[in-house]
Structure formats: C-alpha cells, structure tokens
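Comments concern the structure below.
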There are 2 protein chains.
Amino acid sequence: MPRDLIVRSRSYRRFCQEVPIPCEVLRELVDLARLSASGANRQPLKYILSCDAEKNALIFPNLAWAGYLPDWGGPHEGERPSAYIVVLGDLEISKTAGVDHGIAAQSILLGAAEKGFGGCMIASIRREKLREVPKIGPRYAILLALALGKPKETVLIDPVGPDGDIEYWRDAESVHHVPKRALDEIIAG
Amino acid sequence: MPRDLIVRSRSYRRFCQEVPIPCEVLRELVDLARLSASGANRQPLKYILSCDAEKNALIFPNLAWAGYLPDWGGPHEGERPSAYIVVLGDLEISKTAGVDHGIAAQSILLGAAEKGFGGCMIASIRREKLREVPKIGPRYAILLALALGKPKETVLIDPVGPDGDIEYWRDAESVHHVPKRALDEIIAG
C-alpha cells in the first residue's frame, strides 16, 4: 500500500549506525529512480553510492541537519547514516534537472521504507567540499544527498496549530514532531 | 511492492475517458502528497482538483502533450484525462517550492497506480490561460498539471540504443516506447 509506505517515510535523522545497508541494496533503490518519470525523458540524474564507513565519513561533515533544531549539531557517532545516495545532475545532458530529483528521491525513500530503512533528503550541502568525494567532478551539479539507515527515532505527524507554525520540534522524550497542514487547507479548489 | 507500482507508473497520455475518477479519490491522492516530505517542512503546495467534464475542458486546452511526437496533437476526445490535479505553489508561504512538487507528484501517481489509474506529469502549460480555472489566483504559481485516468495505451521501457537517443516514440501498433538509461550508466561512483 503506497499510503502505508508514505506514512512510514518520515524524514529520519538518527539511525542505528551499526546496521549496514549493502551497496547492492543502494543499487536496487537507484533502479527505482531510474524507472521513474523524467522531464522530457532526458534522464540527467546520476548517482554516487556510499555504503562503507570510510566513504560515509567524507560525506557526513558536509551536510547540514535540521534547520529548526539549531542546538542540535546533527546525529552523533553511532547514530549517523549507514549509507548515502548522492543525487547529481549531469550538466552534459541538461543544465537543469527540473523536478526529476524530487521524483527520484521519493522513489528511493519509498523503496528504502519497504526494506525497513528510512532517511532524509538533504539539500543543504557544502557542495564544494563534497566534491572531494571521488567521481563528483565539475561535470555534475550536486542536487541532493539522501541519508539512509535503519531509523532510531520516532517521528509523529501532528496537525498544524492555530498559530500556523510548521517548524518540526523534539519533545522531552526525544520524539520528533512534524506539523502537517490539513487536507482541506491545501485543496484550494 | 514499490517496484511493481513504479514500473506500472509509466507516463500515460491516452485514457478511457468514460471511466471517471471521483473527486473523493483525488482527495485521497492529495493526502498522499500532504504526508510526503517538504523542504524545511514549509509545505507550500496547494491543489486544484478537477473530476468533471466541464472543469476538465477548461484545463485540457492549456496543456502541451508529448514534445517528441510533434505530429500528435494530444489525446482526442474519448481518450482524454478523466481528472486533473493541478499543483500550485502558494507564494505567500514560499517563493519557491524546491523539489516538493516532484516528491508530491510521485506520491500521487503511485497512489493512482495502486488504484488502477495512471497519468502524466505536465509542466508545459499555458499558465496565464489556466488561471481562468476558478481559484487559481495570482497568489499561486502554477507548478504542474497531473493528468489522470484509466490508461488506454501500452507503454514499454526499452534500453537506450547505441546512438544515445532518449526520445520516446510510438510504433506501428501505437505502443509507446520509452528508452531508459542503464543502471550502470547512471551510477557515477
């Protein structure tokens, strides 16, 4: 059921880092993106896979986590992602990827959820530093980093309150709360 | 299985127009988008639903179909979409939707596939004319039109040939062919 998977596909930022995701699984996830729609079928997206601690350690420092939790510096060692899929745009194919990377990222995250994993789509990236990862040359625009792992936190959806605040927050038990607008609010006509 | 749904979620452009999609189903599909990730959880997307012939007829003329099939003017009467979801960006929430509409569109189309429907994500829209549809005021940027219906065509995925041509094409039996890049080609590292 897509609804079950979509509800499970919360954005997760803390993981059971000791649980690996094999690169073969990452390839399966990228295959879901490969089979997804692409504007004018140009298919400009390319992917970097990272499934080992050494390569993950090149990626992690260049990602910004949880803008609404300024006192939290991101997941600490032991709770960091087990794997990453970095989504690139091949500039030799197209100068812009349109919304392809949104479509692709959703396919990947839903596939991850089916396998008991989860993750977070990260656009806030130190792009120039991330180019130190092998194969991310000037040919590619860095579009998204998908952080993946076995989630180690509980994420709940709440209705948006009367103040209209959509900022996610963490409660005293470290449960992550995400306010979502009501269906009637987002249907304009 | 996400993979089954993703494989079934081809872009369809010809439909059994006599098969309606009730607006209640469109609301369920938008609810899938509502529960999907949104950059900084800003949730700027709003939606217009169209499930009756009169409203559909306001939308259809303002969409461009199948850029690689220049001799085909789009689906003719009887094969047109039964419904539309127009994806808007509420400019009072955010000037840009990032890739939210790609994520949302994929959730919607996968939900549609599960229900035996299919569709096409259309970005090539006569936006100013589409504002004649009620409620699409200047507050909203028009991001995508999702054309929906019960598909009436067969769409096959082929490997990209040695000439690298990614343009979809229709064969003598009117089967629609979509060349997709190989997995090894899109994994850069």
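The values are calculated or read from the model by the stated rules, or taken from the named source; none is laboratory data. Note that the coordinates shown come from a computational prediction; the quantities given were computed from them, not determined experimentally. Quick reminder, even Gly has a Cβ in these numbers, built from the backbone with ideal geometry, and neighbours come from all protein chains shown.
Among the listed residues B:130, B:148, B:91, B:143, which satisfies the condition of being touching a His at 6+ places or on another chain (Cβ under 6 Å), aliphatic (A, V, I, L, M), on the phi < 0 side of the Ramachandran plot and at pLDDT 95 or above? Give the derivation first.
Numbers: B:130 fails: touching a His at 6+ places or on another chain (Cβ under 6 Å); B:148 fails: touching a His at 6+ places or on another chain (Cβ under 6 Å); B:91 fails: touching a His at 6+ places or on another chain (Cβ under 6 Å).
Going through B:130, B:148, B:91, B:143 in turn, the sole match is B:143.
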Inset, instruction - Search region A:56-78 for residues being part of a loop (DSSP other than H, G, I, E, B) and surrounded by 16 or more Cβ atoms within 10 Å (Cβ to Cβ), and hand back the single one that is modelled with the lowest pLDDT. - result: A:66
Legend entry - Residue under evaluation residue A:41, criteria (1) under 28 Å from residue B:116 (Cα atoms); (2) in contact (Cβ under 8 Å) with a residue 40 or more places away in the chain, criterion not met: (2)
Inset, instruction - Determine whether region B:170-186 contains at least one residue that is at pLDDT 95 or above and under 13 Å from residue B:86 (Cα atoms). - result: no
Inset, instruction - Show the residue pairs that are 6+ apart or on different chains and have beta-carbon atoms under 9 Å apart, the first residue being within region B:69-80 and free of Cβ contacts under 8 Å to residues at least 60 places away in the same chain, the second being loosely packed, with under 10 Cβ neighbours inside 10 Å. - result: none
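Hey, among the residues in region A:14-41 that are within 12 Å of another protein chain (Cβ to nearest Cβ) and part of a loop (DSSP other than H, G, I, E, B), which one's farthest from residue B:188 (Cα to Cα)? Give the steps one after another, and end with the answer.
Narrowing region A:14-41 to residues within 12 Å of another protein chain (Cβ to nearest Cβ): A:23-24, A:26-41.
Narrowing the set further to residues that are part of a loop (DSSP other than H, G, I, E, B) leaves A:35-38.
Numbers: A:35: 17, A:36: 18, A:37: 20, A:38: 18 Å.
Among residues in region A:14-41 that are within 12 Å of another protein chain (Cβ to nearest Cβ) and part of a loop (DSSP other than H, G, I, E, B), the one farthest from residue B:188 (Cα to Cα) is A:37.
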Inset, instruction - Exactly one condition in (1) touching a helix residue (DSSP H, G or I) at 6+ places or on another chain (Cβ under 8 Å); (2) surrounded by fewer than 23 Cβ atoms within 10 Å (Cβ to Cβ); (3) of a type outside the set (D, E, K, R); (4) on the phi > 0 side of the Ramachandran plot is not met by residue A:43; state its number. - result: (2)
Legend entry - Filtered residues of region B:146-189 (kept if within 13 Å of another protein chain (Cβ to nearest Cβ), small (Gly, Ala, Ser) and touching a residue at least 24 places away in the same chain (Cβ under 8 Å)): B:147
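Given the options A:47, A:84, name the one that is within 9 Å of chain B (Cβ to nearest Cβ), within 15 Å of residue A:143 (Cα to Cα) and not in a loop (DSSP other than H, G, I, E, B).
On the way: A:84 fails: within 9 Å of chain B (Cβ to nearest Cβ).
Sole residue among the options that is within 9 Å of chain B (Cβ to nearest Cβ), within 15 Å of residue A:143 (Cα to Cα) and not in a loop (DSSP other than H, G, I, E, B): A:47.
Pick out, from region B:95-189, the helices (runs of 4 or more DSSP H) lying fully within it that include 2 or more residues that are over 23 Å from residue B:3 (Cβ atoms), in contact with a strand residue (DSSP E or B) (Cβ under 7 Å, 6 or more places away or on another chain) and of a type outside the set (Lys, Arg).
Numbers: elements: B:100-114, B:127-130, B:183-186.
Qualifying helices (runs of 4 or more DSSP H): B:100-114.
Quick one: would you say residue A:115 is within 12 Å of chain B (Cβ to nearest Cβ), surrounded by fewer than 17 Cβ atoms within 10 Å (Cβ to Cβ), modelled with pLDDT of 95 or more and in contact with a helix residue (DSSP H, G or I) (Cβ under 8 Å, 6 or more places away or on another chain)? Can you show your working first?
On the way: within 12 Å of chain B (Cβ to nearest Cβ): yes; surrounded by fewer than 17 Cβ atoms within 10 Å (Cβ to Cβ): yes; modelled with pLDDT of 95 or more: yes; in contact with a helix residue (DSSP H, G or I) (Cβ under 8 Å, 6 or more places away or on another chain): yes.
Yes.
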Legend entry - Any chance residue A:92 is farther than 23 Å from residue B:100 by Cα, part of a helix (DSSP H, G or I) and within 14 Å of chain B (Cβ to nearest Cβ): no
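So, in region A:95-105, of the ones that are within 12 Å of chain B (Cβ to nearest Cβ) and out of contact with any His (no Cβ under 9 Å at 6 or more places or on another chain), which residue ends up nearest to residue B:103 (Cα to Cα)? Walk me through it before giving the result.
As a first pass, look at region A:95-105 and keep what is within 12 Å of chain B (Cβ to nearest Cβ): A:96-105.
Filter once more, so that each one left must be out of contact with any His (no Cβ under 9 Å at 6 or more places or on another chain): A:96-98, A:100-101, A:103-105.
Working: A:96: 17, A:97: 14, A:98: 12, A:100: 9, A:101: 8, A:103: 5, A:104: 8, A:105: 7 Å.
The residue in question is A:103.
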